[in-house]
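Note sheet for the following structure.
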Amino acid sequence: MRKALTGVLSLAVLIGTVGATGASAGAATAAEPAANRSSGAAGGGEASDEDIKDRILAIPGMRLIEEKPYAGYRYFVLDYTQPVDHRRPSKGTFQQRLTLLHKDVSRPTVFFTSGYNVSTNPSRSEPTQIVDGNQVSMEYRYFTPSRPAPADWSKLDIWQAASDQHRVFTALKKIYDKKWLATGGSKGGMTATYFERFYPKDMDGVVAYVAPNDVVDNEDSAYDRFFRNVGTEECRDKLAGVQREALIRRTPLQEKFKELAASQGWTFNTVGSLDRAYEATVMDYGWAFWQYSLLADCVDIPADAGKATDDAIWDSVDFISGFGAYVDQSLERYTPYYYQAGTQLGSPDIKQPWLRKLSRYGYQPPRNFVPRSIPMTFDRGAMRDVDRWVKRNARQMMYVNGENDPWSAEPFRLGRGAKDSYVYTVPGGNHGAKVSGLVADEKAKATAAILRWAGVAPAAVEADPKKAKPLAKFDTRLDRRNGEIERDEATLRP
């Protein structure tokens with residue numbers, strides 16, 4: 001199994017160790033007046049290497065944590081002072097972590113967010129490679145270390161997060177004055193959409209990948225239809241068989257779980273018990289497979305689960321879902337996501353009838369994964385507002401979904417009011433679907449649109465979009481291929 005899923009990447013590698021930066025050695029700030037610094041190009045054009053760092057640090061509230069070398073770029077890890085409440089900015093601030101992959105101020109800039117932590121290692125989103133531009137990456141508010149202390153959780157909502165992006169964009173646009181695109185995958189694609197909804201004049205285009213759109217939280221039949229039809233019947237039956245056996249063999253497999261938890265120091269205070277954590281992991285198994293894997297990987301699922309050993313069942317569930325997903329030590333890191341899922345974003349509730357008589361708790365809601373000390377009230381109007389706005393007002397927005405990705409079962413759709421906007425689906429694609437995975441004609445059309453929105457489409461592409469291709473070469477250290485995806489123990493998250 002592990003050899004088969006070679007496209008799966010570790011989320012820990014991609015987003016970095018949460019506490020690795022902070023106020024590290026070598027941190028610097030704009031201590032001297034901006035007037036004493038090199039002025040450089042006032043609005044675009046060439047700027048010296050030293051000048052760009054000076055100009056970034058001249059922004060009030062911007063602080064350098066670290067600079068890392070990378071050929072052809074300058075790469076800065078930064079933090080930026082943000083108000084906890086953009087409606088009442090005098091009521092406290094926090095430091096929000098950012099990174100900047102600097103190419104040249106004469107190039108377009110891509111604003112990326114995963115919707116979670118930000119990587120502190122250089123990387124490029126696909127639009128950044130396509131336009132050969134700069135990239136600003138922002139950590140989502142309330143993900144450690146970008147969390148106010150003490151944390152007022154009522155200030156974690158999609159408008160406040162969009163306002164974080166707006167302030168960063170406003171500050172950096174004075175330096176990077178060419179076209180800007182917003183992008184992100186999964187929750188990052190949702191984040192890019194919400195940014196556009198609340199600040200539609202900021203960006204020149206949006207490229208949102210595999211972004212769920214849970215308009216009505218308590219109506220999830222689209223997910224049930226997805227799981228009845230995804231892949232092949234043979235693969236679906238194999239996955240269901242492993243899930244059933246994992247619940248039938250709950251007693252012996254939970255003994256393994258207890259031993260693992262003891263060795264790792266895991267606790268279960270938030271979810272309530274080891275039994276609840278165990279079942280939640282098993283219930284995620286089918287979803288996690290289709291999110292992270294491809295149909296071809298089904299060959300590695302035990303063919304006859306009833307005859308498989310306990311170890312084979314355990315290993316398959318642990319690799320696909322991860323038995324560390326619902327322990328306190330994992331849930332604490334993702335409390336901001338589960339909080340938002342239970343207050344605005346919504347979350348899936350799938351039936352899985354083949355497990356009905358074996359499940360004790362059903363598909364557990366986000367409330368079960370957030371400490372009870374944090375109050376939660378669901379806002380039924382938030383996603384309806386965004387969905388309505390996209391249908392009526394989308395301008396230069398692109399959605400790229402994966403055919404076999406569960407999160408794409410409830411996608412964003414365009415209405416009559418949308419202009420120069422597109423929805424594409426990667427055949428057989430998972431949650432790592434990219435423009436590069438589209439069929440040839442659609443790939444060229446999508447690439448041409450991104451180049452055009454960024455203001456860098458070559459004349460040949462303007463004349464014939466079929467000639468469109470990325471302006472920068474693929475870099476195995478910076479870029480991810482179609483189907484490669486962030487992966488962690490906590491699987492059922494967009």
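Remarks
- 13 Å reach of a label modelled at Asp51, 7 Å along Cα-to-Cβ, counting backbone N of segment 101-140: 104-106
- Greater than 29 Å apart at Cα, pairs in Lys178/Lys467; Lys53/Lys443; Lys91/Lys434: Lys53/Lys443; Lys91/Lys434
- Each Lys or Arg adds one and each Asp or Glu subtracts one; over the other residues with Cβ under 13 Å from the Cβ of Thr270, this totals +2.
- Rough spin-label spacing in nm, given labels placed 7 Å along Cα→Cβ, for Lys469 and Glu219: 4.6
- For segment 78-193, the solvent-accessible area with a 1.4 angstrom probe is 27 square angstrom per residue.
- Apportionment of accessible area to carbon and sulfur, the chain, percent (1.4 Å): 49
- For segment 361-386, backbone nitrogen atoms closer than 17 Å to the point 7 Å from Asn269 Cα along Cα-to-C-beta are found at 368-375.
- Its DSSP H runs of at least 4 residues, each contributing -39,500 (n - 2.57), put the calculated 222 nm mean residue ellipticity of the chain at -9500 deg cm²/dmol, to the nearest 500.
- Rounded tilt (10° steps) of 158-172 against the dominant C-alpha axis of the chain: 30
- Note on Ala262 and Lys201: their simple-model spin labels are 6.4 nm apart, each label 7 Å out from Cα toward Cβ.
- Over all other residues within a Cβ to Cβ distance under 12 Å of Phe226, the charged ones net out to -1, with Lys and Arg as +1 and Asp and Glu as -1.
- Taking all protein chains into account, the per residue accessible area for segment 359-420 stands at 50 Å² (1.4 Å probe).
- Ranking by accessible area, most exposed first, for Phe226, Phe198, Phe257 with a 1.4 Å probe: Phe198, Phe226, Phe257
- Heavy-atom surface of segment 268-351, accessible at 1.4 Å and reported per residue (Å²): 30
The values are calculated or read from the model by the stated rules, or taken from the named source; none is laboratory data. Note that this is a predicted model, so its numbers are computed, not measured. Backbone-built Cβ (ideal geometry, glycine too); neighbour counts: all protein chains shown. Side chains included, ligands, DNA and RNA excluded: accessible areas come from the protein's heavy atoms. Shrake-Rupley method; radii C 1.70, N 1.55, O 1.52, S 1.80 Å.
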